[in-house]
Amino acid sequence: MKSSKNASSPPARYVVGAILLTALAALAGCAPTGGSSTLPSLGKMFSSGLSFSPSVNVAKNMEGHSIDDAITALGEPNKTHPDGDATVLEWSDYQTSPYQSWVVDGSSSQMVGMIPASNGIAATPVMQTTNYGHYENRVAVYQCGVYMRMKDSVITETKVQGNVCPDFIAALRKWAGEKEDRNYMN
């Protein structure tokens, strides 16, 4: 029995591929490149300050606010220094965490078996390597710095550096919640 398929119709996978290529070509004209599209490009979003880091995004909320708001949220800065016609304020912290790490002092190998010879291939030894050593106490240091540039008592730029900022972020989130409540009620 012969197939009822028409010999001149393309296989389904080619049709699906053509549809996908057409869709991609159509979308390419709409791609957010920063040109005529109304959608922002990812590059522009991230260059304007959006970040996957909640620390950076929470600190960005302070931009445009009075330095008094930052001090209310974070306390007095650890350091301040002039930077041209602005002042940079720094809040920094570090935490330590003890851990143990395996330190290899050496190793030894011994034969634990043989793979038999066959078809002109020589027998192969099976080796086992044993590492010996000890655990060593170490300390990991996690640092965080929140930097805010201030001009005329208004925060113009923020930056967060480091790998652990829970206290600073919690304080900034608390501040943002309190400010939203106050603004909503007034």
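The values are calculated or read from the model by the stated rules, or taken from the named source; none is laboratory data. On a predicted model such as this, the values are computed, not experimentally measured, just so you know. Every residue, glycine as well, gets a Cβ built from its backbone with ideal geometry; the counts of neighbours run over all protein chains shown. Remember, those area values only see protein heavy atoms, side chains included, never the ligands or the DNA or RNA. Shrake-Rupley method; radii C 1.70, N 1.55, O 1.52, S 1.80 Å.
Tell me yes or no: at least one residue of region 97-115 is modelled with pLDDT under 90, assigned to a strand (DSSP E or B), open to solvent by less than 100 Å² (accessible area, probe 1.4 Å) and of a type outside the set (D, E, K, R).
yes
Of all residues in region 175-186, count the ones that are modelled with pLDDT under 75 and either among the aliphatic types (A, V, I, L, M) or open to solvent by less than 70 Å² (accessible area, probe 1.4 Å) (or both).
Summing the residues that are modelled with pLDDT under 75 and either among the aliphatic types (A, V, I, L, M) or open to solvent by less than 70 Å² (accessible area, probe 1.4 Å) (or both) in region 175-186 gives 2.
Considering only residues of region 125-174 that are surrounded by fewer than 11 Cβ atoms within 10 Å (Cβ to Cβ) and of a type in the set (Asp, Glu), which is farthest from Ile115 (Cα to Cα)?
Of everything passing the filter in region 125-174, Asp152 is farthest from Ile115 (Cα to Cα).
Under 7 Å between Cβ atoms, at least 6 apart or on separate chains: pull out the pairs that start in region 58-69 with a residue that is under 17 Å from Gln161 (Cα atoms) and end on any residue that is surrounded by 14 or more Cβ atoms within 10 Å (Cβ to Cβ) and of a type in the set (Asp, Glu).
Partner pairs satisfying both residue conditions: Met62/Asp69; Glu63/Glu157.
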